[in-house]
Amino acid sequence: MDRRQWLRTSAALSLATAGGIVPGVRADQSHARATRPRVALVLTEFTYRSHAHVIVENFLEPYYFNGKLTESGMEIVSFYVDQFPEGRDMARDVAKRYGIQIFPTIAEALTLGGKELAVDGVVSIGEHGDYPMNERQQRMYPRKRFFDEIVAVFRQSGRSVPVFSDKHLSYRWDWAAEMDQVAKELQFPLMAGSSVPLAQRRPPLEMPVNAEIEEAVSIHSGGIESYDFHALEVLQSMVESRRGGETGVSEVHFLEGDEVWKAADEGRWSPALALAAMSAAEGKEVISLKDFIEPGTGGKHPIHAILVKYRDGLRGTMLRVGASSTRWCFACRVAGRPDPLATSFYVGPWQNRNLFKALSHSIQTLIREQRSPYPVERTLLTTGVLAAAMDSHYEKNIPVPTPHLDVKYSAVDFTSMREMGETWKFITDQSPEPKDIDLTGRHATR
């Protein structure tokens, strides 16, 4: 059987038998074609472990989410692929295997070669690929170009559909703000952002409703800008529910090396909170950040920080400590509580790959329900903070006032989009990582 035959004749039965759920697919499979939203994928490249790979596989095959087999209930009907790296490209093989047409333009991918919009949702993944770096150390991914060409089809067709744009909206604040404005103008749901806020929290931590958060710290151990975004999004996803709601950011300051420790000595960020976050990630008490040795490497690694002054007085700090690609952690101090609240974000087996199962579920919810499961303003603000941080770094680490980051929004409960840990009963550290599309769900027995 090819994939389409398999979906139509066995997906609902096999998943129901397994005790799973089949979002968006009716039990009567004779109606499956009519009820399956059609989705266009707009990609920079499709290579092994790229964001395209680890998102798209969860649209093509059943996947585990919170321990239940989940089927997307959607039909990927087209690809636009910007680059096909020789010897590494997966797009052509996957498209052939699953009966997906690759179109030479974004417009054709959305119209299926016709003149009008012919899909029910668009997933734009502008991450990975051979794109230039600017003087601010920002990879100039074509997310805004992708967005503009998608919107051109919407305008021509006189209607719009939900759009997901991977990671931060753009490396430029003005482009990101324009994307948000256009989505509101044309009244289509826009979702963006990181997979990390959806990861299992270890130890479990739910932020108190309307908490008066005084200071917060988020830590990662990866590269500048690309990983900074994820840690900033973790920070924002945790503090956005504080008392009074989100009102924006007034100043951003990038620091590195000795400047980071000097700022700590001046009381501009809290090493005690950072130690609480790192201890949550390591599962044991961490005594010193300055002397932290990355397990497995035996060495120290460069540190940098992004200090964020919120308009309501909250102090936020993002730190890069160590060299693990899977370390994400958070701590905050809440008024009236003697001890900090701290947690880490567990990504599951296979490095960060399984993070994208929860993100894929969120994207599918966006398309199915015609609304974003959490506010795009979270990523809009994070995009602006990151752009300002890179400006600060470029200008020799001076503070950058951000009166333009007056982004206001109210948080929503996105618990149902998060992985709570049940999946790791079925995908364990001993489970071999698939070398291609993940067929774990298709082959599962419960």
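By the compact-protein rule of thumb, 2.2 N^0.38 Å, the alpha-carbon radius of gyration of segment 320-446 corresponds to a ratio of 1.37.
Using C-alpha pairs below 8 Å separated by at least 6 residues, the relative contact order for the chain is 20 percent. Could you work out how far helix 173-186 tilts from the main Cα principal axis of the chain, as a 0 to 90 degree angle to the nearest 10? Helix 173-186 sits at roughly 40 degrees to that axis. Measuring between alpha carbons in the structure, the pairs from K144/K408; K300/K357; K284/K309; K262/K408; K290/K425; K144/K396 lying more than 25 angstrom apart are K300/K357; K284/K309; K262/K408; K290/K425; K144/K396.
Beta bridges from DSSP with both residues in the chain: antiparallel share about 55 percent, rounded to the nearest 5. For GluC sites (Glu not before Pro), the sites in segment 290-396 that DSSP calls loop and that have at most 16 other Cβ atoms within 10 Å are E395. According to the Kirkwood relation over distinct C-alpha pairs, the hydrodynamic radius of segment 286-381 is 16.9 Å.
Rounded to the nearest 500, the 222 nm mean residue ellipticity of the chain from helices alone is -9500 deg cm²/dmol, with -39,500 (n - 2.57) taken per DSSP H run of at least 4 residues. From the P(r) of segment 350-418, could you give the percentage of C-alpha pairs in the tail past 15 Å? Tail of P(r) above 15 Å: 66 percent of Cα pairs. Note on segment 380-446: Rg/Rh from C-alpha atoms, Kirkwood Rh, equals 1.25. Per residue, the convex hull spanned by the Cα atoms of the chain measures out at 146 cubic angstrom. In units of the rule-of-thumb radius 2.2 N^0.38 Å, segment 83-211 shows an alpha carbon radius of gyration of 1.25. Derived value for segment 250-333: Kirkwood hydrodynamic radius 13.4 Å. Basis is the mean of 1/r over every pair of different alpha-carbon atoms. Exposed loop positions in the chain were taken to be chymotrypsin sites (Phe, Trp or Tyr not before Pro) whose DSSP state is not H, G, I, E or B and which have at most 15 other beta-carbon atoms within 10 angstrom. Between these positions, the longest stretch is 49-425. Shown here for segment 378-439: trypsin sites (Lys or Arg not before Pro) in loop regions (DSSP other than H, G, I, E, B) with at most 12 other Cβ atoms within 10 Å, namely K396, K408, K435.
Across all directions, the average flat footprint of the convex hull enclosing the Cα atoms of segment 185-295 is 9.4 nm².
Net length available on complete extension from W261 to N134 is 42.9 nm, with 0.36 nm assigned per residue and the Cα-Cα distance removed. Measuring nothing but how far apart in sequence close Cα pairs (under 8 Å, 6+ apart) lie, relative to its length, segment 77-183 scores a relative contact order of 24 percent.
Within the shell of other residues whose beta carbon sits under 14 angstrom from the beta carbon of L341, the net charge comes to 0, with Lys and Arg scored +1 and Asp and Glu -1. Show me the GluC sites (Glu not before Pro) within segment 91-197 that DSSP assigns to loop and that have at most 10 other Cβ atoms within 10 Å of their Cβ. In loop regions of segment 91-197 (DSSP not H, G, I, E or B), the sparsely surrounded GluC sites (Glu not before Pro) are E135.
Helix 143-157 versus the longest principal axis of the chain: what angle, 0 to 90°, nearest 10, using Cα atoms? In the chain, helix 143-157 runs at an angle near 40 degrees to the longest axis. The C-alpha atoms of the chain define a longest principal axis, and helix 271-282 lies at about 40 degrees to it.
Measuring nothing but how far apart in sequence close Cα pairs (under 8 Å, 6+ apart) lie, relative to its length, segment 180-303 scores a relative contact order of 22 percent.
Throughout, read-outs are computed from the coordinates displayed, never taken from laboratory work. Given the structure is predicted, the values throughout are model-derived calculations rather than measurements. Note that we place each Cβ from the backbone using ideal geometry, even for glycine, and neighbour counts take in every protein chain shown.
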